[in-house]
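Remarks on the structure that follows.
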Amino acid sequence: MKDKRKALTVLSMNTLAFTICFACWMMNGVLITFLVERKVFGWDKAEMGMLIGIPVLTGAVMRLPVGVLCDKYGGRIVFFLLMLLAAVPMYLVSYANSFIEFVLTGLGFGLTGASFAAGIAYTSVWFEKKWQGTALGVFGAGNAGAALTSLGAPWVLRWLTDGGTQLEGWRTLPKIYAAVLVVTAIVFWFTTHTRKIDLGNRKSIIARLEPLKHIRVWRFGLYYFFVFGGFVALAQWLIPYYVNAYTMSVAMAGFMAAIFSFPSGVIRALGGWMSDKWGARSVMYWVLGISLLACLLLVVPRMIIQSPGEGIMASSGGTVEQVTSDEIVVSGTTYSLKHRAEEEIVGFEEEGTFVLPTSTSWHEPVVKIGDEVKKKELVARGVTQIYFQANVWIFTFFVFVVGIAMGIGKAAVYKHIPDYFPKDVGVVGGIVGVLGGLGGFVCPIIFGYLLRSTGLWTTCWMFFVVLVAVCMIWMHAAVRRMMRKRAPELARQIEDLSEPTLGSA
């Protein structure tokens, strides 16, 4: 009973510490957007993507080393020291004045992202195998720390800068984050307990890395690149997205981004339960399918398109006798025109909710009085204007769907690992985590370059469409290959049943 109470205490503090670390890891998404929006620094979109992604890089690459350290020294001491160490560069962000200084401090406090490896190692030793999935799912809900930053940091920045009139007040924000990290570390240390790990049958580093030669590991890594890396990237990228595409304040954009990040973080435990009940592969098929559909719907940008429409051609030759906004008369033949009504022309400021694209059209004369026209010659060209509002609430709904799918997918990916690598969960989970973290670093940079080269904010969804399609194709090919290898007769029967017979219609 005493051990059970300790286990629950450890799980609670682990989850709290991970939530705080994740909130700190995501700080640049809000801070960099605020500094650029208020013109404190003049970084372009690619540089913004780099600065947003830099902390994620450290968190990604340090997961494997932190996991090894936890294996050797125990998760409690490593987690405690990690928070204290990360607090130093976090505090130094307040003194940064150049791009390179933000890069260096971001690399430092990005260590908070490696807290996932420490928390996983420390949590798992306190629970039996049959409860580890649930415990790790609860711990993983600490991803919701991204929502804490998305929601809270913009309001704190506004308060610190006195509504934007004292911009240097932003420098207090990193100090607050650093202080919270230190306090969390101290509370964590005094409320948790050390549990020794069995050091018997230790493998060499080379032997531990043996599973990495299997292509399956890298396939799982690609899934996690999307479901976790994409989540981390969007948790930060959505803030400048809303600010620019929908002209929101940073505070409102943070609230909208939290609609994505908070449910996606806390639903991870549900994803573990679904994977236990229906199988991780089935869950991943649904996750990828729903994500692909939602991203496709998000690809279409907010836009006004003006295109050639249906014009009017002369039914017979003659001389143009009259040209008005309503009609053209050619040798006694009258051609009625649809004239341009200003109230029908819409724009981005148009009020109301337009779910589907709307359009309007009109005619513009291309002849003048006295012109000679031939039969079937154009006398008035058609103009069509198509307007797609990309309504913010409909947009946010599909972003929410993507977030939910990612949250479930994160648990489903890790459910695969003990099934295929029961004796190497640590190293395989470590490299999958690294690849997922790298996704969080690489994606904002890719988003920035795509945005700079096309001028379209929706290019991030285009990238995800391609990425998810590759994941689905690779997974389906792997499933078919396993079916042929393990049950060739069944695979042949399935393929035969899918082929029509000669006598079929």
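The values are calculated or read from the model by the stated rules, or taken from the named source; none is laboratory data. Just so it is clear, the model here is predicted, and its values are computed rather than measured. Heads up, the Cβs are rebuilt from the backbone with ideal geometry, glycines too, and the neighbour counts pull from every protein chain shown.
May I ask you to list the residues in region 37-66 that are among the aliphatic types (A, V, I, L, M), in contact with a Gly (Cβ under 9 Å, 6 or more places away or on another chain) and under 20 Å from Lys175 (Cα atoms)? Leu51, Ile52, Ile54, Val56 - these are the residues of region 37-66 that are among the aliphatic types (A, V, I, L, M), in contact with a Gly (Cβ under 9 Å, 6 or more places away or on another chain) and under 20 Å from Lys175 (Cα atoms).
Among the residues of region 313-320, at least one is in contact with a Gly (Cβ under 9 Å, 6 or more places away or on another chain), at negative phi and assigned by TED's automatic domain parsing to the domain that holds His363. Does at least one position in region 12-19 carry a residue that is in a helix (DSSP H, G or I) and closer than 21 Å to Leu157 by Cβ? Among the residues of region 12-19, at least one is in a helix (DSSP H, G or I) and closer than 21 Å to Leu157 by Cβ, which makes the answer yes. Number of residues in region 23-45 that are touching a Lys or Arg at 6+ places or on another chain (Cβ under 8 Å) and either under 13 Å from Val250 (Cα atoms) or crowded, with 18+ Cβ neighbours inside 10 Å (or both): the value is 1. Gly407 fulfils the conditions (1) in contact with a Pro (Cβ under 8 Å, 6 or more places away or on another chain); (2) within 24 Å of Val266 (Cβ to Cβ); (3) surrounded by fewer than 24 Cβ atoms within 10 Å (Cβ to Cβ) except for a single criterion, (3).
What are the residues in region 93-104 that are free of Cβ contacts under 8 Å to residues at least 40 places away in the same chain and either more than 28 Å from the chain's Cα centre (by Cα) or under 22 Å from Val232 (Cβ atoms) (or both), if any? Listed by number, the residues that qualify are Ala96, Asn97, Leu104.
When you check Met50 against the structure, is it out of contact with any Phe, Trp or Tyr (no Cβ under 9 Å at 6 or more places or on another chain) and within 30 Å of Gly455 (Cβ to Cβ), yes or no? No. Assessment of region 52-69 against the conditions (over 17 Å from Ile445 (Cα atoms), surrounded by fewer than 22 Cβ atoms within 10 Å (Cβ to Cβ) and in contact with a Ser or Thr (Cβ under 9 Å, 6 or more places away or on another chain)) yields no matching residue.
Once region 358-374 is narrowed to residues that are outside any strand (DSSP E or B) and of a type in the set (A, V, I, L, M, F, W, C), the residue that is surrounded by the fewest Cβ atoms within 10 Å (Cβ to Cβ) is Ile369. Taking the criterion of being at pLDDT below 80 and closer than 18 Å to Val434 by Cβ, the only residue of region 71-91 that qualifies is Asp71. Only a single criterion out of (1) closer than 15 Å to Gly106 by Cβ; (2) at pLDDT 90 or above is not satisfied by Trp43, namely (2).
Give the residues of region 140-180 that are polar (S, T, N, Q) and within 25 Å of Phe228 (Cα to Cα), sorted by residue number. Matches in region 140-180: Asn143, Thr149, Ser150. Restricting Phe79, Phe41, Phe34, Phe22 to residues that are farther than 30 Å from Arg158 by Cα, under 28 Å from the mean Cα position of the chain (by Cα) and not polar (S, T, N, Q) narrows the list to Phe79. Of the residues contained in region 247-269, one or more are found to be out of contact with any helix residue (DSSP H, G or I) (no Cβ under 8 Å at 6 or more places or on another chain), surrounded by fewer than 18 Cβ atoms within 10 Å (Cβ to Cβ), assigned by TED's automatic domain parsing to the domain that holds Lys415 and more than 20 Å from Val402 (Cβ to Cβ).
So which of Thr172, Thr161 is surrounded by fewer than 18 Cβ atoms within 10 Å (Cβ to Cβ) and β-branched (Val, Ile, Thr)? After ruling out the rest, the residue left standing is Thr172. Gly29 falls short on exactly one of the conditions (1) modelled with pLDDT of 85 or more; (2) assigned to a helix (DSSP H, G or I), and that condition is (1). When the strands (runs of 3 or more DSSP E) confined to region 214-331 are screened for residues that are polar (S, T, N, Q), those reaching at least 2 such residues are found at 303-313, 318-323. Taking helices (runs of 4 or more DSSP H) as the structural unit, those lying wholly within region 43-160 and holding at least 3 residues that are farther than 27 Å from Gly429 by Cα correspond to 45-61, 75-92, 99-109, 145-160.
Annotation note: of Phe116, Phe139, Phe109, the sole residue that is touching a Phe, Trp or Tyr at 6+ places or on another chain (Cβ under 9 Å) and modelled with pLDDT of 90 or more is Phe109. Residue count for region 274-319 satisfying the condition of being of a type in the set (Phe, Trp, Tyr) and either in contact with a strand residue (DSSP E or B) (Cβ under 7 Å, 6 or more places away or on another chain) or surrounded by 14 or more Cβ atoms within 10 Å (Cβ to Cβ) (or both): 2. One residue stands out among those in region 453-495 that are among the β-branched types (Val, Ile, Thr), over 25 Å from Leu238 (Cα atoms) and in the same structural domain as Val283 (by TED's automatic domain parsing): the one that is modelled with the lowest pLDDT, which is Val479.
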